[in-house]
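The values are calculated or read from the model by the stated rules, or taken from the named source; none is laboratory data. Note that this is a predicted model, so its numbers are computed, not measured. Positions of Cβ are backbone-derived with ideal geometry, glycine not excepted, and every protein chain shown enters the neighbour counts.
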Amino acid sequence: MKGLKTLLAAVGRSRFLKYALVIMAGVVLVGFVGENSILSHMQNKVRISELDAEIAKYRKLYEIDRQKMDRLDRDPKAIEEIARERYFMKHADEDIFVFNEGGAEIDTTSNETVK
(Lines give C-alpha, C1' and ligand atoms only; values in the text may rest on other atoms or scores of the structure.)
Protein backbone atom coordinates (compact mmCIF):
# COMPACT_ATOMS: atom_id res chain seq x y z
CA MET A 1 0.00 0.00 0.00
CA LYS A 2 2.91 2.35 0.76
CA GLY A 3 4.34 1.73 -2.73
CA LEU A 4 1.07 2.71 -4.34
CA LYS A 5 0.86 5.91 -2.31
CA THR A 6 4.41 6.90 -3.25
CA LEU A 7 3.71 6.10 -6.91
CA LEU A 8 0.57 8.26 -6.91
CA ALA A 9 2.43 11.06 -5.16
CA ALA A 10 5.18 10.91 -7.80
CA VAL A 11 2.60 10.97 -10.60
CA GLY A 12 0.81 13.92 -8.98
CA ARG A 13 4.01 15.93 -8.86
CA SER A 14 5.15 15.25 -12.40
CA ARG A 15 3.13 16.72 -15.23
CA PHE A 16 4.75 14.43 -17.84
CA LEU A 17 3.85 11.27 -15.93
CA LYS A 18 0.20 12.32 -15.73
CA TYR A 19 -0.05 12.66 -19.49
CA ALA A 20 1.93 9.49 -20.12
CA LEU A 21 -0.30 7.51 -17.76
CA VAL A 22 -3.50 8.82 -19.37
CA ILE A 23 -2.18 8.12 -22.88
CA MET A 24 -1.15 4.58 -21.92
CA ALA A 25 -4.56 3.94 -20.34
CA GLY A 26 -6.26 5.21 -23.51
CA VAL A 27 -4.11 2.99 -25.74
CA VAL A 28 -4.91 -0.05 -23.59
CA LEU A 29 -8.64 0.71 -23.62
CA VAL A 30 -8.81 1.34 -27.37
CA GLY A 31 -6.40 -1.40 -28.38
CA PHE A 32 -7.25 -4.34 -26.18
CA VAL A 33 -10.54 -3.84 -24.31
CA GLY A 34 -14.06 -3.79 -25.72
CA GLU A 35 -15.79 -4.94 -28.87
CA ASN A 36 -14.27 -2.18 -31.02
CA SER A 37 -10.68 -2.97 -30.12
CA ILE A 38 -7.88 -3.50 -32.59
CA LEU A 39 -7.79 -7.21 -31.75
CA SER A 40 -11.45 -7.68 -32.58
CA HIS A 41 -10.96 -5.75 -35.85
CA MET A 42 -8.14 -8.10 -36.81
CA GLN A 43 -10.29 -11.14 -35.95
CA ASN A 44 -13.13 -9.73 -38.01
CA LYS A 45 -10.83 -9.20 -41.01
CA VAL A 46 -9.69 -12.82 -40.80
CA ARG A 47 -13.30 -14.00 -40.61
CA ILE A 48 -14.24 -11.81 -43.60
CA SER A 49 -11.45 -13.31 -45.70
CA GLU A 50 -12.60 -16.83 -44.75
CA LEU A 51 -16.17 -15.98 -45.71
CA ASP A 52 -15.04 -14.45 -49.02
CA ALA A 53 -13.20 -17.68 -49.84
CA GLU A 54 -16.33 -19.67 -48.98
CA ILE A 55 -18.46 -17.40 -51.18
CA ALA A 56 -16.05 -17.91 -54.08
CA LYS A 57 -16.23 -21.68 -53.60
CA TYR A 58 -20.03 -21.72 -53.64
CA ARG A 59 -20.17 -19.40 -56.66
CA LYS A 60 -17.92 -21.82 -58.53
CA LEU A 61 -20.15 -24.76 -57.56
CA TYR A 62 -23.21 -22.76 -58.61
CA GLU A 63 -21.72 -22.08 -62.03
CA ILE A 64 -20.91 -25.77 -62.53
CA ASP A 65 -24.46 -26.74 -61.58
CA ARG A 66 -25.88 -23.99 -63.80
CA GLN A 67 -23.89 -25.36 -66.77
CA LYS A 68 -25.19 -28.87 -66.06
CA MET A 69 -28.77 -27.59 -65.91
CA ASP A 70 -28.33 -25.70 -69.19
CA ARG A 71 -26.94 -28.85 -70.80
CA LEU A 72 -29.93 -30.83 -69.57
CA ASP A 73 -32.29 -28.23 -71.04
CA ARG A 74 -30.56 -28.20 -74.45
CA ASP A 75 -29.35 -31.76 -74.94
CA PRO A 76 -31.83 -34.66 -74.69
CA LYS A 77 -28.98 -37.18 -74.70
CA ALA A 78 -27.69 -35.66 -71.43
CA ILE A 79 -30.73 -36.99 -69.57
CA GLU A 80 -30.05 -40.48 -70.92
CA GLU A 81 -26.38 -40.18 -69.95
CA ILE A 82 -27.25 -39.23 -66.37
CA ALA A 83 -29.83 -42.02 -66.14
CA ARG A 84 -27.23 -44.55 -67.29
CA GLU A 85 -24.35 -43.31 -65.11
CA ARG A 86 -26.09 -42.49 -61.85
CA TYR A 87 -29.11 -44.74 -61.79
CA PHE A 88 -27.78 -47.71 -63.79
CA MET A 89 -30.72 -47.64 -66.18
CA LYS A 90 -30.38 -49.55 -69.45
CA HIS A 91 -32.01 -50.35 -72.72
CA ALA A 92 -33.97 -53.59 -72.86
CA ASP A 93 -31.28 -55.39 -74.85
CA GLU A 94 -28.27 -54.31 -72.75
CA ASP A 95 -26.43 -55.74 -69.80
CA ILE A 96 -24.72 -53.47 -67.23
CA PHE A 97 -21.55 -54.36 -65.40
CA VAL A 98 -20.64 -52.12 -62.46
CA PHE A 99 -17.09 -52.09 -61.15
CA ASN A 100 -16.94 -50.57 -57.69
CA GLU A 101 -13.54 -49.70 -56.23
CA GLY A 102 -14.82 -48.53 -52.83
CA GLY A 103 -15.88 -51.95 -51.61
CA ALA A 104 -19.54 -51.03 -51.07
CA GLU A 105 -22.04 -53.14 -52.94
CA ILE A 106 -24.35 -51.62 -55.54
CA ASP A 107 -27.71 -53.14 -56.35
CA THR A 108 -28.05 -53.49 -60.13
CA THR A 109 -30.91 -55.95 -60.11
CA SER A 110 -33.50 -53.37 -61.07
CA ASN A 111 -34.84 -53.91 -64.55
CA GLU A 112 -35.56 -50.27 -65.31
CA THR A 113 -34.91 -49.30 -68.89
CA VAL A 114 -34.08 -46.04 -70.63
CA LYS A 115 -36.42 -45.11 -73.45
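Report the residue count in the range 43-84 for those that are touching a residue at least 12 places away in the same chain (Cβ under 8 Å) and among the basic types (Lys, Arg).
Our first condition is that a residue be touching a residue at least 12 places away in the same chain (Cβ under 8 Å); within the range 43-84, this holds for 80, 83-84.
After this cut, where a residue has to be among the basic types (Lys, Arg) as well, the list is 84.
Residues in the range 43-84 being touching a residue at least 12 places away in the same chain (Cβ under 8 Å) and among the basic types (Lys, Arg): 1 in total.
Going by the structure shown, is ILE106 at pLDDT below 85 and touching a strand residue (DSSP E or B) at 6+ places or on another chain (Cβ under 6 Å)?
Considered against the rule, which asks whether it is at pLDDT below 85 and touching a strand residue (DSSP E or B) at 6+ places or on another chain (Cβ under 6 Å), ILE106 comes out as no.
Across the range 34-86, which residue is farthest from ILE96 (Cα to Cα) among those that are small (Gly, Ala, Ser) and at pLDDT 95 or above?
Residues of the range 34-86 small (Gly, Ala, Ser): 34, 37, 40, 49, 53, 56, 78, 83.
If we keep only those that are at pLDDT 95 or above too, we end up with 49, 53, 56.
Numbers: SER49: 47, ALA53: 41, ALA56: 39 Å.
In this case the residue turns out to be SER49.
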